[in-house]
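Below is one structure, written out as structure tokens; the observations come after it.
Each value in this text was obtained by applying a stated rule to the coordinates, not by laboratory testing. Just so it is clear, the structure is predicted and the values come from calculations on it, not from any experiment.
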């Protein structure tokens, strides 16, 4: 599993610890971060798990480096959202 995940600065949930809430918020806001990640990731079923993880990590870095929307950030499990949910 990757040490990083992608999220947006406005999402009040940590995707590592509150996945369902994180995903619901992301979709409701129209960010569709997982779809973006899927489009950018260069992977294949032919790759080993380690190579697939590396491809996902590379895609996350590309998204946050380019950051076309200005919203996406790369986070670790101990990340605390900027706007925390109640």
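D for the chain, whole µm²/s, Stokes-Einstein with Kirkwood Rh over alpha-carbon pairs at 4 °C and 1.567 mPa s: what number? Intermediate values should be presented prior to the final figure.
Values: Rh = 13.3 Å.
D = 98 µm²/s.
Under 8 Å for C-alpha pairs, at least 6 residues apart: give me the relative contact order for the range 5-75, rounded to a whole percent.
On the way: 63 pairs, mean separation 29.1, N = 71.
Relative CO of the range 5-75 lands at 41 percent.
Assuming 0.36 nm per residue, please report the length gained on full extension of the stretch residue 32 to residue 62 beyond their Cα-Cα distance.
Values: separation 30, 0.36 × 30 = 10.80 nm, distance 1.62 nm.
That works out to 9.2 nm of additional length.
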